[in-house]
Structure formats: structure tokens, C-alpha cells
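Input: a single structure, listed below in C-alpha cells.
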Amino acid sequence: MMEDYRIEFVKLKLGKHNLTLEVDKSFFLSFENTEVIDANIKVEMELDRHPNWINVSFSAKGFLSTGCDRCLVNIPFPIDVSYFLVYRMGIDETQEDTEDIKYLKPHDYFIDVSLPVYETILLNLPMIRNCDNLEVEPCDKTMLSKLEENEKNTENQEDSRWEKLKGLK
């Protein structure tokens, strides 16, 4: 599967080339990401090869399921994101990559777009992943009631460590 993201640009003629890739759970598992429970994302990629650089633009659309931060139920998040990246043929080995420009060494013959696809999709997810902003909240009511009960119990208990520290005065 990861071979699909290794593009041998030396075999491509100058000009534009289109690719379609499917991203599923196994893609995220290859990066050892166990937070993604399911994924069904279509990545449309356009490579524009020039003699000294390659422009890569891609868009990813679909959904990605991950657990709710609060109640742990699986939530499908919509994914709709685009990204643009430039691969430049490096003149020497000392040039360093930037966020949007990757330098190829003179002996490179392929580009691997798996990491930019992975990072772009994950950056499209919200920081706080919970059921609050969904039309239908799939919250696990049992889990929420246990969290509320636990919160009430911890509010009423005093931490004995503070008492020991007060005795140090």
C-alpha cells in the first residue's frame, strides 16, 4: 500500500499527471497511529513535472473516525483539505527542506508523498475531539454519568498530601 505513495518521477514525462489514492485505517497504522479507528478518504493528486522541480497539489475528501476525548465513542469527522508542495532538484546536499519545499538529492529518483498526506489529514482534525458540535450526539451516556459521579467524588475529598505539607511549616 505505501508503495502507492512512492512516485518514481524519473519515469514521468514533463507536464501534468493525475493520481487517485485511497486512504484507509491501514495507512494510519503504517505510521503507528492507533487513534484512528476507521478512515475512508480519497486523495486526488496532481503532479506537474518541470525539468528542475515538481509541483504536487492534492486534495483529500472523506471521513476519519476517532474516539471522543470525553466519552470514548467513535466519531466520524469529515475531511476536506488541500495542500500544495514543491519538490526541487537539489544542487548540493546541504540544502534543507522547508514546510512547503522539499529538496531532492541528485541521485533521488522517487518522491514519497505519504508523510505530507498523513500530516495534512491529521491537521484537519479538530484539537478537541468530542461530540459537542455534531448534529446527532452519539455520546455514551453511561460513560458520561460515571465521569460526573467521579468528578463529584473527587471534589468532596481532600488530598492528604496537602495536610502533610502544611505540617512542614
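The values are calculated or read from the model by the stated rules, or taken from the named source; none is laboratory data. For clarity, every value in this text was computed on a predicted model and none was experimentally measured. Note that each Cβ is placed from the backbone with ideal geometry, even for glycine, and that neighbours are counted across all protein chains shown. The protein model used for the area step is the full one, side chains on, heavy atoms only, and it has no ligands, DNA or RNA in it. Shrake-Rupley method; radii C 1.70, N 1.55, O 1.52, S 1.80 Å.
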Amide H neighbours of residue 69 at under 5 Å, excluding residues fewer than 5 places away on the same chain, with H built from the backbone geometry, are 129, 130
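Rounded to the nearest percent, how much of the accessible area of region 25-76 (1.4 Å probe, protein heavy atoms only) is carbon and sulfur?
On the way: 1190 of 2470 Å².
In region 25-76, the share of accessible area belonging to carbon and sulfur is 48 percent.
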Find the relative contact order for region 11-126 and round it to a whole percent, using C-alpha pairs within less than 8 Å whose residues are 6+ positions apart.
19 percent
Under a 1.4 angstrom probe, counting protein chains only, how are 112, 80, 48 ranked by accessible area, largest first?
80, 112, 48
Order the peptides 11-20, 114-123 from the highest to the lowest mean number of other Cβ atoms within 10 Å of their residues.
114-123, 11-20
How much of residue 63 can a 1.4 Å solvent probe reach, expressed as accessible area in Å² and rounded to 10?
70 Å²
Spacing of the two label points (7 Å from each Cα toward its C-beta) at residue 145 and residue 24, in nm:
3.8 nm
Taking amide H atoms as placed 1.01 Å from N in the peptide plane, list the residues 5 or more away in sequence, or in a different chain, whose amide H sits under 5 Å from that of residue 95.
none
So, for region 1-142, what is the accessible surface per residue at a probe of 1.4 Å, expressed in square angstrom?
61 Å²
Grab the beta carbon distance between residue 50 and residue 125, set R0 = 25 Å, and tell me the FRET efficiency rounded to 0.05.
0.15
5 Å is the cut-off here: which amide hydrogens, built 1.01 Å from N in the peptide plane, fall below it relative to residue 53, excluding neighbours closer than 5 in sequence?
89
Calc'd 3J(HN,Hα), region 31-43, phi into Karplus 6.51 cos²θ - 1.76 cosθ + 1.60 (θ = phi - 60°), Hz, glycine/Pro = x, comes to 9, 6, 9, 9, 6, 7, 8, 7, 8, 8, 10, 9, 10
